[in-house]
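Participant: Mind looking over this structure? Questions follow.
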Amino acid sequence: MATRAASNLWLIDKAPIDEITGVRLPSKEQVLLRYYHHHREMGKTASGSRKAVVEEVLPFWSQTRIPTTTVIHAGTKLSKLVKAYNDLKKNKNKDRPKHRMDEEVFKGDLQEIFDFAHSSSLQWADVKDEDKELLRSQREDRGESSMAGIDLVTAKKVEKQVERGTRLKRLREREDSNIARLTERAEIQAKAVAASSSPVSTTSSPARGSRSQRKKLKQSPSISVRILTSFQLGIERSCRCGKQRQRSQLPLKFLEWTLGVWRSRRARSIEHE
């Protein structure tokens with residue numbers, strides 16, 4: 001056990017592996033562990049170790065029928081991965097937040113596939129859709145170590161959606177209650193105004209006098225003034241009735257305006273969902 005613990009790589013906490021296995025395309029962690037098997041345990045040079053690892057990884061990619069990069073470019077990519085690991089290892093004794101954060105980011109990225117695909121392979125017309133989908137799924141699948149974090153993010157999103165739906169439901173119930181209360185109040189006001197503004201018919205018959213009195217009234221020069229005054233009074237009375245009718249329609253107009261505002265708010269809330 002002590003020998004195995006001593007052979008484990010720093011930060012990864014795993015020993016170099018004898019071969020690459022699994023149903024996924026080789027990950028950065030597997031490639032790095034395989035590199036140190038060739039370089040540290042087999043005693044090969046850095047360039048020889050990189051070449052051996054690239055030759056082992058290429059057959060996995062050939063099974064996917066996805067266009068790959070050149071062997072030279074793949075070796076350069078592996079060289080950058082090894083350099084990034086060694087740079088972190090040099091600063092492992094420095095207790096700074098930046099170094100600790102860089103270590104966590106590097107360790108998390110090790111679960112990604114060591115991507116040998118050509119940079120424009122997803123745009124090539126001769127690549128089948130199922131092969132493109134396979135590459136996308138392999139790039140998105142980060143293994144079991146990161147699935148917990150993905151599930152946690154998904155759970156938080158669902159929780160926020162439930163809370164938002166509950167708030168919207170309460171808001172709609174409150175708006176419905178307010179609309180019902182305003183409707184009832186407007187109906188009561190409309191009935192009260194209609195009752196107070198009902199016209200009272202007052203008909204007056206001309207006083208019957210003697211024939212001579214009626215004759216004097218016909219001959220009186222002020223009769224036209226009286227008729228005009230009565231006509232003006234009738235207009236004023238009709239105007240007052242019209243204003244009262246208009247006043248009685250105000251609560252109904254207010255109710256229509258309130259309902260319109262409520263409908264527009266509800267439509268906007270549904271669109272945001």
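The values are calculated or read from the model by the stated rules, or taken from the named source; none is laboratory data. None of the values given here were measured: they were computed from a predicted structure. We place every Cβ from the backbone using ideal geometry, glycine too, and count neighbours over all the protein chains shown.
Participant: Any idea which of (1) touching a helix residue (DSSP H, G or I) at 6+ places or on another chain (Cβ under 7 Å); (2) modelled with pLDDT of 85 or more; (3) over 19 Å from residue 67 (Cα atoms) is the one residue 146 doesn't satisfy?
Facilitator: Failing condition for residue 146: (2).
Participant: Counting only residues that are farther than 16 Å from residue 86 by Cβ and either in contact (Cβ under 8 Å) with a residue 12 or more places away in the chain or among the aromatic types (Phe, Trp, Tyr) (or both), how many does the range 39-52 have? Walk me through how you get there before you give the answer.
Facilitator: Within the range 39-52, the first condition is being farther than 16 Å from residue 86 by Cβ, and the residues that meet it are 41-44, 48, 51-52.
Still in the running and either in contact (Cβ under 8 Å) with a residue 12 or more places away in the chain or among the aromatic types (Phe, Trp, Tyr) (or both): 41, 51-52.
Total meeting the criteria: 3.
Participant: A follow-up question, please. Quick one: would you say residue 81 is in contact with a strand residue (DSSP E or B) (Cβ under 8 Å, 6 or more places away or on another chain) and more than 30 Å from residue 125 (Cα to Cα)?
Facilitator: no
Participant: I would also like to ask the following. Of 78, 33, 58, which residue is part of a helix (DSSP H, G or I), closer than 25 Å to residue 137 by Cα and out of contact with any helix residue (DSSP H, G or I) (no Cβ under 9 Å at 6 or more places or on another chain)?
Facilitator: Just a single option satisfies the conditions, and that option is 33.
Participant: Moving on to the next point. Please tell me if residue 62 is polar (S, T, N, Q), within 23 Å of residue 107 (Cα to Cα) and either modelled with pLDDT under 95 or surrounded by fewer than 19 Cβ atoms within 10 Å (Cβ to Cβ) (or both).
Facilitator: In short, no.
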